[in-house]
Amino acid sequence: MKSHAKVVVIGGGVVGCSVLFHLARHGWSDIVLVERDELTSGSTWHAAGGMHTINGDPNVAKLQKYTISLYR
């Protein structure tokens, strides 16, 4: 394991993985993700499969749309 990194993301849940993905996608290097166990083994597993089809918040709806297009 590296002893130094420009960015260290702590937690391999949905947010930590997303942050690391987007940093790498934008050309960042020397980044590392630290997780105590398996990816998404913390609180993220509670939300697995949580897909909401109707949302009253336009910002959350945009985030959901972006996430769906990202997986394609």
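Structure values in brief
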{"quantity": "Cα shape, segment 1-44, gyration tensor, a/c 1.5 rule", "calculated": "oblate"}
{"quantity": "Peptides 21-29, 3-11 ordered by average Cβ neighbours within 10 Å, highest first", "calculated": "3-11, 21-29"}
{"quantity": "Magnitude of the charge dipole, segment 1-44, Cβ model with Lys/Arg +1 and Asp/Glu -1, debye to 20", "calculated": "180 debye"}
{"quantity": "Proximal aspartates and glutamates to K6, defined as alpha-carbon separation beneath 20 angstrom and excluding residues fewer than eight positions away on the same chain", "calculated": "D30, E35"}
{"quantity": "Rough spin-label spacing in nm, given labels placed 7 Å along Cα→Cβ, for T67 and D37", "calculated": "2.1 nm"}
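No lab work stands behind these numbers, since they all come straight from the coordinates. Since this is a predicted model, take the numbers as computed values, not measurements. Cβ atoms come from the backbone with ideal geometry, glycine included; neighbour counts cover every protein chain shown.
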